[in-house]
Amino acid sequence: MNESTFIAASDEPARPGIAARVWSVGALCRAVADTLESRFNPVTVRGEISGYSRASSGHCYFSVKDEQGQIRCAMFRRAAGLLDFSPRDGELVELRGRLGVYEQRGDLQLIVESMRRAGPGALFEQFLKLKERLEALGLFDPARKRALPLMPRSIGVVTSLDAAALHDVVSALRRRVPHIPVVVSSALVQGSQAGADLVRALSALYALSQVVASASGRSVAAPPVDVILLVRGGGSIDDLWAFNDEALAQCIAQSPVPVVCGVGHETDFTIADFCADLRAPTPTAAAELVCQPQAVGQNALVLLKNRLSDAVERRLESCSQRLDFAGSRLGRPSTGLAQSQSRLILHQQCLRHAAQIRIRQCHTELQALQTDLRSAVGSGLQTERRRLERLGLRLQLLDPTLVLQRGYAWLRDADGHAITSVRQTLPGQLLWASLADGEVDLTVSDATSK
């Protein structure tokens, strides 16, 4: 069916006497598809990605939108395999493809043949700016993150009563810890009022009284909420936008107990995820993170029971042995006396043997010292003997007779004074000259100095 036929059939007013054409649903869808094909295709569209998902078959499904509207898109595996980036919600893109009608549902859709980035998108830019501002305030600081309690006394849950996430969380908690009470604080999880409603629900859990009135009017302590789960199922960036509320982020940061955020799927990130003490990929995972399975606690109790039983049995056996030993000693003191005598004899033998060994060691050491002393004395005598010989030799070298033997003489006057200068003599003076083999009397005939 061509465009003119469709327009004529749809726009031309019914004329009297001529019955209006009745379309079958499938034919009408095909006519609309033919009109779109002939008038618009191929088409290029710019908009923000919303609700992006990739099926196991490799096909991608999402919507593109702007302030005025949105249109559903499908991108088949062949075209998706040509992408050089991973699309995500909030990203501004340019799409080229062909408009068509999905006849099974009668939906208008764009079959995307190519995609390229055109910018971060308004919502994504808003998300990044808020994230940067809150990070500068320290709301994402890992130092303020708290550890989850190992065995919470009560668990708080913030979500919508109609959400599938509540069913998933309750099912997981009932399966793992049916004995722990759960307090649900309902709130909107989507829409313009959801952010404020989530803050109200969290504040209600914060202010939950730990003291409730009993039926008799007497006050009793209620199990306090030790951890809070903030959960919601998956969705597009628009669906999850309530969890990017700044007031909600401030409220989570002020929580008196740890908060676990399980919003969306594993690939979804919100401001609440960064502010919470722990992020879970899914609501079910959030429930599993805050509690140990009941079987784990039961197994731990069984293990502790067995260890306590073994310790008691060992203690009883030890006390019984000590009692038997004390009874045997008390009943037969002669046995203890004989044992003490045996120990004394043994100690005496050990002492005698040790003394003998010590005497032999001292005797050996004395012999070694005696040998060393003899050796040292002999060595010292030899050293002194050689020293005396050297001194005697030096003394002999100083003997005056050796000088006289070389032809020198020693002159002295009548008083025995040595004559060493001509000026000490006078003509006719009597002198004596000592030579190597005797003395000679001399008379000075002349005395002249140089």
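The values are calculated or read from the model by the stated rules, or taken from the named source; none is laboratory data. On a predicted model such as this, the values are computed, not experimentally measured, just so you know. All Cβ positions, even for glycine, are placed from backbone atoms using ideal geometry, and neighbour counts span all protein chains on display.
Observations, loosely collected:
- Residue, modelled with the lowest pLDDT, within the range 223-266, restricted to residues that are among the acidic types (Asp, Glu) and under 27 Å from the mean Cα position of the chain (by Cα): 266
- Hey, residue 292 within 27 Å of the chain's Cα centre (by Cα) and more than 25 Å from residue 86 (Cβ to Cβ) or not: yes
- Test: residue 157 is over 20 Å from residue 280 (Cβ atoms) and at pLDDT 90 or above: no
- Selection status of residue 192, among the hydroxyl-bearing types (Ser, Thr, Tyr) and at pLDDT 85 or above: no
- Residue in the range 12-23 that is of a type outside the set (S, T, N, Q), modelled with pLDDT under 55 and either in contact with a helix residue (DSSP H, G or I) (Cβ under 7 Å, 6 or more places away or on another chain) or surrounded by 14 or more Cβ atoms within 10 Å (Cβ to Cβ) (or both) present: no
Residue by residue, here is whether (1) assigned to a loop (DSSP other than H, G, I, E, B); (2) among the hydrophobic types (A, V, I, L, M, F, W, C); (3) over 41 Å from the mean Cα position of the chain (by Cα); (4) surrounded by 13 or more Cβ atoms within 10 Å (Cβ to Cβ) holds:
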position	(1), (2), (3), (4)
82	yes, yes, no, no
87	yes, no, no, yes
97	no, no, yes, yes
126	no, no, no, yes
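- Filter result (of a type in the set (Ser, Thr, Tyr) and over 29 Å from residue 434 (Cα atoms)) within the range 375-412: 375, 379, 383
- Residue satisfying all of: in the range 164-197; in contact with a Gly (Cβ under 6 Å, 6 or more places away or on another chain) and within 24 Å of residue 250 (Cα to Cα); surrounded by the fewest Cβ atoms within 10 Å (Cβ to Cβ) among these: 183
- Of all the residues in the range 420-435, those that are in contact (Cβ under 8 Å) with a residue 12 or more places away in the chain, of a type in the set (S, T, N, Q) and assigned to a helix (DSSP H, G or I) number 0.
This table checks each residue for (1) exposed (fewer than 11 other Cβ atoms within 10 Å of the Cβ); (2) assigned to a helix (DSSP H, G or I).
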{"position": "265", "(1), (2)": "no, no"}
{"position": "299", "(1), (2)": "no, yes"}
{"position": "323", "(1), (2)": "yes, yes"}
{"position": "340", "(1), (2)": "yes, yes"}
{"position": "346", "(1), (2)": "yes, yes"}
{"position": "360", "(1), (2)": "yes, yes"}
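- Filtered residues of the range 99-116 (kept if surrounded by 16 or more Cβ atoms within 10 Å (Cβ to Cβ) and within 25 Å of residue 240 (Cβ to Cβ)): 109, 110, 112, 115
- Residues (assigned to a helix (DSSP H, G or I), surrounded by 13 or more Cβ atoms within 10 Å (Cβ to Cβ) and of a type outside the set (D, E, K, R)) located in the range 129-149: 130, 134
- Residues being at negative phi and exposed (fewer than 10 other Cβ atoms within 10 Å of the Cβ) - total across the range 427-447: 5
- Among the residues of the range 267-293, those that are without any contact (Cβ under 8 Å) to a residue 60 or more places away in the chain, assigned to a helix (DSSP H, G or I) and more than 20 Å from residue 180 (Cα to Cα) comprise 272, 273.
- Tallying residues that are surrounded by 10 or more Cβ atoms within 10 Å (Cβ to Cβ) and either assigned to a helix (DSSP H, G or I) or among the charged types (D, E, K, R) (or both) within the range 402-419 yields 6.
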